[in-house]
Amino acid sequence: MLTPKLVASRGYPLHYPENTAVGIEAAIAAGARLISVDIQLSRDGVPVLFQDRSLERICGRPGAIHEHTADGLRDLYAMEFGRFGYKFSGTPIMRLAELVELLQRHSNVTAFIELRRVGIGRFGATTVATRALQTIEPVASQCIITSRSMEGLLALRRLGWQSIGAVFDQWMEREHPLIDRIDPEFLFCGVDSLPRWRRPRFRRCRLGVFETSDPEEATRMAKRGIEFVHTAAIGEMLTQLDSLQNPR
């Protein structure tokens, strides 16, 4: 049976705050060999793991990542109070440099690192791309950089980066005016946006979707040539896919 390569989306957000060390370590312990994270820049240009434009949902505070220095972010906690209450109080916002250290400890893990558009809009594509590349240099072979910002991906290509993934909410968005110049190695889109009646293909891209916690849907994606499936429930999905492959 064809099985997809599961990507632990933002760590293990079914059980842990997203984009945090505790969640990423738990995903790896559960068997993840592919993870995805999001990065933005602090006010002083330090890459940190964070998805949202606002601090509200994750940290329970107003404002944005780029309004705080990296040291100032130490006073905020990525605890996702709305989902977990005080269970993860004291959980810090993770720096990209800390993810690099984690990847050095787990040389069999590959990270998809998404440059968020909010940071690119604030600091510019070249600055964000440069800071990201400088930080991940020790583990470059374990990293694939993605973005919904085509300007961000073009900046990566101009800087010589060779493992690039374009991210689109909808499959139909893939023919962006800059896509020829970017020539991405990977393409990701929403699982529900794929064409229903034909096998999806796009240029030389290895294809992935986000996201599902349904093992049967993930298996259907693999049968259609989708290589990567993002999931918030990495441990459960690995267990269930194993059961489908090896029924007792």
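The values are calculated or read from the model by the stated rules, or taken from the named source; none is laboratory data. These figures come from a predicted structure and were not determined experimentally. All Cβ positions, glycine included, derive from the backbone under ideal geometry; neighbour counts span all protein chains shown.
ASP71 passes every criterion in (1) farther than 14 Å from GLU18 by Cα; (2) among the charged types (D, E, K, R); (3) buried (at least 17 other Cβ atoms within 10 Å of the Cβ) apart from (3).
Within the set ILE164, ILE120, the sole residue that is surrounded by 20 or more Cβ atoms within 10 Å (Cβ to Cβ) and without any contact (Cβ under 8 Å) to a residue 24 or more places away in the chain turns out to be ILE164. Of all residues in the stretch 184-213, those satisfying the criterion of being assigned to a loop (DSSP other than H, G, I, E, B) and loosely packed, with under 15 Cβ neighbours inside 10 Å are PRO195, ARG196, TRP197, ARG198, ARG199, ARG201, ARG203, ARG204. Among the residues here, ARG181 does not qualify as surrounded by fewer than 18 Cβ atoms within 10 Å (Cβ to Cβ), in a loop (DSSP other than H, G, I, E, B) and over 16 Å from the mean Cα position of the chain (by Cα). Residue-level check: of (1) part of a helix (DSSP H, G or I); (2) more than 26 Å from VAL46 (Cβ to Cβ); (3) touching a residue at least 60 places away in the same chain (Cβ under 8 Å), THR127 misses just (2). The condition (being under 16 Å from VAL37 (Cβ atoms), part of a strand (DSSP E or B), of a type in the set (Gly, Ala, Ser) and touching a residue at least 60 places away in the same chain (Cβ under 8 Å)) is satisfied by just one residue among ALA111, ALA132: ALA111.
Scanning the stretch 53-71 for residues that are at pLDDT 95 or above, among the aliphatic types (A, V, I, L, M) and farther than 28 Å from GLN134 by Cβ turns up nothing. All conditions but one from (1) in contact with a Cys (Cβ under 9 Å, 6 or more places away or on another chain); (2) closer than 17 Å to VAL167 by Cα apply to LEU103; the one that does not is (2).
Among the residues of the stretch 92-100, not a single one is under 30 Å from PRO215 (Cβ atoms), in a loop (DSSP other than H, G, I, E, B), of a type in the set (Val, Ile, Thr) and under 18 Å from the mean Cα position of the chain (by Cα).
Restricting attention to the stretch 145-161, and to residues there that are assigned to a helix (DSSP H, G or I) and in contact with a helix residue (DSSP H, G or I) (Cβ under 6 Å, 6 or more places away or on another chain), which single residue is surrounded by the fewest Cβ atoms within 10 Å (Cβ to Cβ)? Here the residue is ARG157. Taking the numbered list (1) surrounded by fewer than 24 Cβ atoms within 10 Å (Cβ to Cβ); (2) of a type in the set (Gly, Ala, Ser); (3) touching a residue at least 24 places away in the same chain (Cβ under 8 Å); (4) part of a loop (DSSP other than H, G, I, E, B) in turn, GLY82 passes all entries but (4).
When ASP214 is tested against (1) without any contact (Cβ under 8 Å) to a residue 12 or more places away in the chain; (2) closer than 21 Å to ILE145 by Cα, just one condition goes unmet, and that condition is (2). All conditions in (1) farther than 24 Å from GLY121 by Cβ; (2) of a type outside the set (D, E, K, R); (3) buried (at least 17 other Cβ atoms within 10 Å of the Cβ); (4) without any contact (Cβ under 8 Å) to a residue 60 or more places away in the chain hold for VAL229, with the sole exception of (4). Looking across the stretch 39-65 at every residue that is surrounded by fewer than 22 Cβ atoms within 10 Å (Cβ to Cβ) and among the aliphatic types (A, V, I, L, M), the one that is farthest from GLU18 (Cα to Cα) is identified as VAL46.
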